[in-house]
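Shown next, in structure tokens, is the structure this report addresses.
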Amino acid sequence: MILPNFLVIGTAKAGTSSLWYYLNQHPQIYMTPRKETGFFAFEGTNLDFQGPGDQEKDKLPINNLDIYLQQFKYFKNEIAVGEACTDYIYSPKAPERIHHYIPDVKLIAILRNPIDRAFSQFLGNLKRGVEPLNDFSQAIKQEDKRIADNWHYRWHYRERGFYYRQLKPYFDKFDRNQIRIYIYDDWKNKQIQTLRDIYKFINVDTNFIVDTSKKLHTSPKTIPKNKLFNKLLLSPNLLKSSLKLFIPEKIRQKIWSQLNQKNQAKPSLSYKLRQQLINIYREDILQLQDLLEYDLSKWLKIEN
């Protein structure tokens with residue numbers, strides 16, 4: 001039975017999709033074809049999620065061992081066998097399940113400022129067209145109800161930022177030498193150095209040169225001011241079909257492009273909300289600093 005000997009456990013919106021893509025390029029590394037399998041978070045559980053888009057087939061986690069093992073059917077004796085799933089850092093059951101199946105596994109996580117991470121996930125859901133609210137502060141206020149109503153982890157904007165709470169069970173169950181934690185800013189600015197450190201950690205050739213030109217799942221730089229108008233512009237509808245009879249395609253495309261640009265706004269996070277979230281995360285960040293022995297004071301400041 002082939003199982004991973006290393007896992008990228010998180011966190012969401014911190015470059016893990018790009019990391020999965022880069023690791024997959026290395027000839028000595030096998031990565032599961034699917035990122036975000038969710039197996040160790042949801043094994044044996046009822047996948048009755050209630051959030052918008054949560055029941056899309058390609059979004060549902062794998063909750064069965066036999067189906068999970070199919071992710072390794074293309075294995076060809078690579079040295080390192082890995083998976084990347086950001087549900088694992090957040091799931092309260094994942095540490096125990098991972099330890100049960102693969103106690104000697106190596107664990108990797110990239111941590112991002114929890115406030116920026118939460119806002120980025122909100123923007124990502126807006127980009128997908130599934131977030132019903134345009135206002136991040138309102139989405140934060142709705143979070144407890146969404147969790148109670150069994151919306152998937154992707155809707156847990158605030159709660160997914162308590163990294164100390166999430167990582168402590170891993171440090172309790174696994175030897176510290178099995179865990180590598182990276183900070184998002186370091187990963188973003190020193191990708192080649194970080195990749196080489198990961199290669200060394202998982203015992204593969206550190207001299208392999210990876211193509212890092214492609215970035216996956218980046219946050220949108222703009223969001224629609226009016227979601228209904230945005231849907232009208234981008235989706236097939238009777239108005240657009242009717243205009244085909246009277247306006248040439250090139251002119252139509254130019255009109256749609258100009259209207260779409262006018263309907264876009266640059267997303268931003270208010271000073272007040274950022275300060276509120278800093279206060280919420282403060283204790284967890286200070287505990288995380290001690291756990292990692294890494295200065296995270298930057299996360300407790302608002303940069304001008």
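The values are calculated or read from the model by the stated rules, or taken from the named source; none is laboratory data. Keep in mind that what you see is a predicted model, and the values were worked out from it rather than measured. Here the Cβ is made from the backbone with ideal geometry for all residues, glycine too, and neighbour counts use every protein chain on show.
Close contacts from the stretch 187-207, counting a first residue that is on the phi < 0 side of the Ramachandran plot and a second that is among the acidic types (Asp, Glu) and in a helix (DSSP H, G or I), with Cβ to Cβ under 8 Å and a gap of 6+ residues or different chains, come to Thr194/Asp186.
Would you confirm whether any residue within the stretch 81-91 is hydroxyl-bearing (Ser, Thr, Tyr), over 18 Å from the mean Cα position of the chain (by Cα) and assigned by TED's automatic domain parsing to the domain that holds Phe122? Please lay out each step first, then the result.
So in the stretch 81-91, the residues hydroxyl-bearing (Ser, Thr, Tyr) come out as 86, 88, 90-91.
From the residues that got through so far, the ones that are over 18 Å from the mean Cα position of the chain (by Cα) too are none.
Checked the stretch 81-91: no residue is hydroxyl-bearing (Ser, Thr, Tyr), over 18 Å from the mean Cα position of the chain (by Cα) and assigned by TED's automatic domain parsing to the domain that holds Phe122.
Among the criteria (1) within 19 Å of Ile89 (Cα to Cα); (2) part of a loop (DSSP other than H, G, I, E, B); (3) touching a Lys or Arg at 6+ places or on another chain (Cβ under 8 Å), the one Thr45 does not fulfil is (3). Does the stretch 209-221 contain any residue that is at pLDDT 95 or above, within 19 Å of Gly10 (Cα to Cα) and surrounded by 13 or more Cβ atoms within 10 Å (Cβ to Cβ)? Checking the stretch 209-221: not a single residue is at pLDDT 95 or above, within 19 Å of Gly10 (Cα to Cα) and surrounded by 13 or more Cβ atoms within 10 Å (Cβ to Cβ). State whether one or more residues within the stretch 48-61 are at positive phi and assigned by TED's automatic domain parsing to the domain that holds Phe122. Taking every residue of the stretch 48-61 in turn, at least one turns out to be at positive phi and assigned by TED's automatic domain parsing to the domain that holds Phe122. Of everything in the stretch 35-82 that's at pLDDT 95 or above and among the aliphatic types (A, V, I, L, M), which residue is surrounded by the fewest Cβ atoms within 10 Å (Cβ to Cβ)? The selected residue is Ile67.
Annotation note: of Ile110, Ile192, the sole residue that is farther than 21 Å from Asn63 by Cβ and surrounded by 23 or more Cβ atoms within 10 Å (Cβ to Cβ) is Ile110.
Scanning the stretch 111-158 for residues that are within 19 Å of Thr86 (Cβ to Cβ) and either part of a loop (DSSP other than H, G, I, E, B) or in contact with a Cys (Cβ under 9 Å, 6 or more places away or on another chain) (or both) returns Arg112, Asn113, Val130, Glu131, Asn150, Trp151, His152, His156, Tyr157, Arg158. Of the residues examined, Arg180 is one that is over 15 Å from the mean Cα position of the chain (by Cα) and buried (at least 18 other Cβ atoms within 10 Å of the Cβ). Scanning the stretch 93-100 finds no residues that are closer than 24 Å to Glu131 by Cα, assigned to a helix (DSSP H, G or I) and at pLDDT 95 or above. The sole residue among Pro95, Pro52, Pro61 that is under 21 Å from the mean Cα position of the chain (by Cα), touching a residue at least 12 places away in the same chain (Cβ under 8 Å) and farther than 20 Å from Ile9 by Cα is Pro52. Note on the stretch 113-136: among residues that are surrounded by fewer than 21 Cβ atoms within 10 Å (Cβ to Cβ) and of a type in the set (D, E, K, R), the one that is farthest from the chain's Cα centre (by Cα) is Asp135. Please verify whether Gln55 is of a type in the set (S, T, N, Q), in a helix (DSSP H, G or I) and out of contact with any Lys or Arg (no Cβ under 9 Å at 6 or more places or on another chain), treating the condition exactly as stated. Against the criterion (of a type in the set (S, T, N, Q), in a helix (DSSP H, G or I) and out of contact with any Lys or Arg (no Cβ under 9 Å at 6 or more places or on another chain)), Gln55 does not qualify.
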